[in-house]
Amino acid sequence: MAKTFKIAVLPGDGIGPEVMAEATRVLDVIGKNYNVIFQGKFANVGGAGIDNEGKALPQTTIDICKDSDAILFGSVGGPKWETLPPDEQPERGALLPLRKIFGLYANLRPAIIFPSLTGASSLKEEVISGGFNVLVVRELTGGIYFSQPKGIEGEGRDRIGIDTMKYTVPEIERIAHVAFHAAMKRDKKVCSIDKANVLSTSVLWREVVSTISKKYPEVELSHMYVDNAAMQLVKWPKQFDVILAENMFGDILSDEAAMLTGSLGMLPSASLAEGTFGMYEPSGGSAPDIAGQGIANPIAQILSAGMMLKFSFGMTDASEEIDTAVATVLDQGYRTRDIYQNKPGEKLVNTKEIGDAIIAALS
Ligand code: IPM
Ligand code: MG
């Protein structure tokens, strides 16, 4: 009997539903080729959750996610919901609780520059020639995002805003293992980010990461202050292999690293819990300005589905097949509008057409 995997499919807002349609088409083909059944259940999230069920993360959606082996997430947010209180907005109201409820502590954000797209980067050709491939491993359920106390207290001009940054040893240990583990399969280098010249959480972070590194003697560990890391990323991104960072530093550096590739619409991400459960989503946003036109780039969503196959379903071959198919299609010159540079050999295509090309490259 064919193996069955249950997927909570959360397309969300803006271009989310359009790019998700391509990802589910790719999954259908992979399912047939590998003789597995992907049972997708659609649910509302973000603005779609607010409009249809009154909340960015409705209980029905949480229940569907709980009953699944993984979450495939599109993107959330848009001008329509920007005037809501911050906690109720699509991004915060859906993403942060999903991370907490499902214990998605390990966020993997690859920043890869595809050789055929080096012209799209904001960096000089000589800095990025030959491409670069950085993996940001971001702690996702602790630190200043979630630690208590938190909030605004008092009245009028006497109000104070409070956020707390806290890390326990086990929280640092488990994310460090994820980074070292990833490095073992890559170039065997981890650069751990902190602000140990100022923050106590960072002093502890540096100490615990150093201790864990002894279990991975083949991996070269370095430490870097976050401000320097921000500088080094634009100066010479090729010096990095795996970047390990706490929640907020990772938030900032992963955006910087992604932007350096010039192809935000191309980058997937994984948020992993202990065990095999995970949530997979494109790094780019919901792009409301081009939503509904069928011109968005579905590659990040398709690669996110690929990460799901690898990390949650153990289907490494299928995941690699998707990566290869995407690279092939780019080499063949297929470009959605966001990555079209009007060079000889490029073919400007829409969302569905590039999806068709990727599917053709699969089988
Ligand atoms: C991200 C986003 C979120 C974060 C926001 C929308 C809450 O920036 O996933 O990086 O800060 O984690
Ligand atoms: Mg961010």
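Some observations on this one:
- Residues (over 16 Å from the mean Cα position of the chain (by Cα), within 12 Å of ligand 1 (Cβ to nearest atom) and buried (at least 17 other Cβ atoms within 10 Å of the Cβ)) located in the range 78-109: Gln89, Pro90, Gly93
- Residue within the range 139-158 that is within 22 Å of the chain's Cα centre (by Cα), surrounded by 20 or more Cβ atoms within 10 Å (Cβ to Cβ) and farther than 20 Å from Gly103 by Cα present: no
- Of the residues making up the range 209-225, not a single one is within 28 Å of Arg92 (Cα to Cα) and within 16 Å of ligand 1 (Cβ to nearest atom).
- Identity of the residue in the range 210-235, in contact with a helix residue (DSSP H, G or I) (Cβ under 7 Å, 6 or more places away or on another chain) and of a type in the set (S, T, N, Q), that ends up farthest from ligand 2 (Cβ to nearest atom): Ser213
- Selection of the range 306-352 for residues being open to solvent by 30 Å² or more (accessible area, probe 1.4 Å), polar (S, T, N, Q) and in a helix (DSSP H, G or I) yields Thr316, Thr324, Thr328.
- Qualifying residue in the range 63-70 (condition: within 10 Å of Asp13 (Cβ to Cβ) and either of a type in the set (D, E, K, R) or in contact with a Cys (Cβ under 7 Å, 6 or more places away or on another chain) (or both)): no
- Here Ala300 fulfils each of the conditions (1) touching a Phe, Trp or Tyr at 6+ places or on another chain (Cβ under 9 Å); (2) modelled with pLDDT of 95 or more; (3) open to solvent by less than 10 Å² (accessible area, probe 1.4 Å) apart from (1).
- If you go through the range 239-263 and keep only what is within 12 Å of ligand 1 (Cβ to nearest atom) and either among the polar types (S, T, N, Q) or open to solvent by 10 Å² or more (accessible area, probe 1.4 Å) (or both), you end up with Asn247, Met248, Phe249, Asp251, Ile252, Ser254, Asp255, Glu256.
- Restricted to helices (runs of 4 or more DSSP H) entirely inside the range 105-213, those with at least 2 residues that are without any contact (Cβ under 8 Å) to a residue 12 or more places away in the chain and under 29 Å from Trp236 (Cβ atoms) are 125-128, 200-213.
- The strands (runs of 3 or more DSSP E) located wholly in the range 236-296 that include 2 or more residues which are out of contact with any Asp or Glu (no Cβ under 9 Å at 6 or more places or on another chain) and either outside the structural domain of Ile15 (by TED's automatic domain parsing) or within 14 Å of ligand 2 (Cβ to nearest atom) (or both) occupy 278-282.
- Checking Leu72, Leu84 one by one, the residue that is hydrophobic (A, V, I, L, M, F, W, C), part of a loop (DSSP other than H, G, I, E, B) and more than 16 Å from ligand 2 (Cβ to nearest atom) is Leu84 and no other.
- Check on Val45, within 20 Å of the chain's Cα centre (by Cα) and not small (Gly, Ala, Ser): yes
- Among the candidates Ile30, Ile62, Ile15, the residue that is closer than 20 Å to Asp356 by Cβ, modelled with pLDDT of 95 or more, more than 19 Å from the chain's Cα centre (by Cα) and not small (Gly, Ala, Ser) is uniquely Ile30.
- The range 87-104 - residue that is in a helix (DSSP H, G or I) and more than 15 Å from ligand 2 (Cβ to nearest atom) and, of those, modelled with the lowest pLDDT: Asp87
- The listed residue being buried (at least 23 other Cβ atoms within 10 Å of the Cβ) and closer than 27 Å to Thr316 by Cα, out of Ile37, Ile50, Ile112, Ile71: Ile71
The values are calculated or read from the model by the stated rules, or taken from the named source; none is laboratory data. Computed from a prediction, not measured in an experiment: that's the story for all the values here. Here the Cβ is made from the backbone with ideal geometry for all residues, glycine too, and neighbour counts use every protein chain on show. Heads up: the accessible areas ignore ligands, DNA and RNA and are worked out on the full protein's heavy atoms, side chains in. Shrake-Rupley method; radii C 1.70, N 1.55, O 1.52, S 1.80 Å.
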